[in-house]
Amino acid sequence: MAKTILRPPEPPASLQNIHQEIYLTRPIAIIDIGSNSVRMVVYRWYNGKPVLELNEKKFCELGSLLDIVAPKAGRSYKLPKRGKSMALATLKEFARQVKAREIPDCNVIVVATAAVRLASDGGDFVKGIARQFGWNARVLNATTEGVLAARGVHLGLPKARGLVVDAGGGSMQITNLNAVLRKGGGTQEVAALPLGALALHNSMKTRGAKETARIIDQYYARIAWLGRNRKHLVCVGGTFRKIGKLYLVARKKKDKLHGHTIACAPFAKFLKTLAATDPKKMNKKIPRRGKAIPGVALALLRLIKLTGAKTITFSKLGLREGIICKMTEQQTSFVKRPVSSGRHMKTAAIIPSRDINSALRIQL
């Protein structure tokens with residue numbers, strides 16, 4: 001299980017005598033039951049800002065049976081038994097960490113995306129999670145998923161504009177970030193497509209690249225507002241990030257990927273090469289995500305061609321950070337309280353110590 005722990009800084013000496021609840025508010029764990037992986041991120045609040053404290057994931061491939069074409073009439077898609085077993089084992093480990101107070105007083109939000117959303121037994125899977133762990137998992141609809149990903153991008157890259165392309169394991173959301181940031185929302189410019197990394201891999205394996213490209217183009221053609229002259233793309237998702245890192249390595253660049261912007265013209269040639277690579281060879285080179293890279297590269301290549309995009313920026317923030325944005329929106333902001341520390345007066349941001357789901361009433 002991949003695990004990243006980021007230790008937060010110690011409170012300044014001037015704040016060490018202040019009640020800890022004020023400086024270090026209750027941490028928030030967001031568990032994302034995705035089509036490719038199940039991940040838990042933990043954020044703690046410092047001076048009114050979220051700071052990542054823990055990032056842990058396990059590849060469970062709940063969406064391993066998905067395809068870019070919907071099942072024929074009379075047939076339904078079900079979650080794979082192995083994937084469900086691995087996901088529940090991962091959730092059990094996450095619950096152990098929370099209950100063992102490795103993450104003390106933690107509020108937990110659980111969301112599920114395409115694999116669970118599309119499965120005929122997804123509802124039963126969610127009920128099982130509630131019975132076993134006491135967590136009410138929220139199955140996000142595709143539009144909400146796209147908007148939250150765009151909000152997460154804006155949190156990490158405030159100057160980013162253009163189309164946010166979020167490719168998960170089971171679906172792809174294309175969202176007009178400009179419209180989302182516009183006053184009053186703009187959720188009408190979100191396109192949800194079944195072009196997830198695992199679904200694209202399955203199509204490439206059974207149909208080949210040429211037929212898969214034809215189907216991809218058909219999906220893009222249905223997005224009336226997409227059109228051309230969309231100069232900037234922002235890519236979100238693990239497989240996109242892996243492609244971006246491969247490109248930087250090929251160019252012998254050591255830049256950080258998050259926030260890195262590249263020109264589409266040379267990148268398109270690189271994507272063309274990746275799309276023609278044998279998935280088996282790619283998977284040996286890059287375990288877990290490698291097999292999905294050719295299909296995702298093909299989908300991005302076709303999107304660049306359709307939109308005439310000039311640049312692509314990569315973001316490591318997306319859906320989970322978008323949930324953080326939604327929380328801070330719907331909470332009655334952060335309660336500002338003056339705090340006495342000797343002769344000095346400080347202001348600290350706190351979140352009430354109540355159940356996070358009821359306190360914030362997030363509409364996901």
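One table, with the values for the structure above:
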item	result
Per-residue HN-Hα couplings for the range 94-100 [Karplus 6.51, -1.76, 1.60; θ = phi - 60°; Hz; x = Gly/Pro]	4, 4, 4, 5, 5, 6, 7
Cross-link pairs beyond the 27 Å C-alpha cut-off, checked among LYS99/LYS285; LYS245/LYS305; LYS205/LYS254	LYS99/LYS285; LYS205/LYS254
Interchain or long-range residues, amide H under 5 Å from ILE223's placed H	none
Distance (nanometres) between label positions extended 7 Å along Cα→Cβ at THR311 and ALA263	1.3 nm
The range 206-248: proportion of alpha-carbon pairs further apart than 11 angstrom, %	75 percent
DSSP-loop trypsin sites (Lys or Arg not before Pro) across the range 156-210, with at most 10 other Cβ within 10 angstrom	LYS159, LYS183
Ascending count of other beta-carbon atoms within 10 Å, so fewest first, for SER171, SER64	SER64, SER171
Which of LYS281, LYS58 has the fewest Cβ neighbours within 10 Å, and the rest in rising order	LYS281, LYS58
Karplus-derived HN-Hα couplings along the range 107-120 (A = 6.51, B = -1.76, C = 1.60, θ = phi - 60°), whole Hz, x at Gly and Pro	8, 10, 10, 10, 10, 10, 10, 3, 4, 6, 4, 8, 7, 5
Anisotropy class of the range 221-303 from Cα gyration tensor, a/c 1.5 cut	oblate
Cross-link reach list, lysines versus LYS72, counting only Cα pairs under 16 Å and skipping chain neighbours closer than eight places	none
For TYR46, distant residues with modelled amide H under 5 Å away	VAL51
LEU248/ARG131 FRET efficiency (R0 45 Å; Cβ-Cβ; nearest 0.05)	0.50
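Where a number appears in this text, it was derived from the coordinates with a stated rule and is not lab data. None of the values given here were measured: they were computed from a predicted structure. Positions of Cβ are generated from backbone atoms using ideal geometry, with glycine treated the same way; all protein chains shown enter the neighbour counts.
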